Amino acid sequence: MREYQPFSLVVKDEIRRQQRNRCAVCGAVGHLTIHHKIPSTLSEAYGLTPEQTRSRENAVGVCRTPCHDWLDKKALQEHRFYPEVMHEMKKDRWYNLREKIRDRLKIDAMME
Ligand SMILES: [Zn+2]
């Protein structure tokens, strides 16, 4: 299993600036966590080099909760990644998306 491939500060700053500190999933403004669309642990299996794993193309800025928790769960447990996972949330308006994600995380936790 490949070791963790952290993004550089340059990449993180660039993403936060380009997104204007707005979460790519729910649209909330605040401190963004820079998420690996394809996580380090899976990137080798999905044909990404270490450089590609920590590249700007594999990075997206999201709020820590609930969106980063949700994306990590989707990626690690279901091998479904941003932006594809957005389709299931697509019909919702931004203002209730965070609640919906929180609900999903609660339901998933109950079923484990
Ligand atoms: Zn969010």
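The values are calculated or read from the model by the stated rules, or taken from the named source; none is laboratory data. This one's a predicted model, so the numbers in the text were calculated from it and none came from an experiment. Positions of Cβ are generated from backbone atoms using ideal geometry, with glycine treated the same way; all protein chains shown enter the neighbour counts.
Data overview
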item	result
Failed item in (1) on the phi < 0 side of the Ramachandran plot; (2) out of contact with any strand residue (DSSP E or B) (no Cβ under 6 Å at 6 or more places or on another chain), with L71 passing the rest	(2)
Residue check for I15: in contact (Cβ under 8 Å) with a residue 40 or more places away in the chain and either within 16 Å of the ligand (Cβ to nearest atom) or β-branched (V, I, T) (or both)	yes
Subset of segment 69-78 [within 16 Å of the ligand (Cβ to nearest atom) and either closer than 16 Å to R22 by Cα or of a type in the set (A, V, I, L, M) (or both)]	L71, A75
Which listed residue, of D108, D13, is among the charged types (D, E, K, R), out of contact with any strand residue (DSSP E or B) (no Cβ under 9 Å at 6 or more places or on another chain) and modelled with pLDDT of 95 or more	D13
Residue check, V85 within 16 Å of the ligand (Cβ to nearest atom), closer than 20 Å to Q5 by Cβ and modelled with pLDDT of 85 or more	no
Subset of segment 1-57 [in a strand (DSSP E or B) and among the hydroxyl-bearing types (S, T, Y)]	T33
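Matching residues to (1) surrounded by 13 or more Cβ atoms within 10 Å (Cβ to Cβ); (2) free of Cβ contacts under 8 Å to residues at least 24 places away in the same chain; (3) within 16 Å of the ligand (Cβ to nearest atom):
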site	(1), (2), (3)
T41	yes, no, no
N58	yes, yes, no
C67	yes, no, yes
L97	yes, no, yes
I101	yes, no, yes
I107	no, yes, no
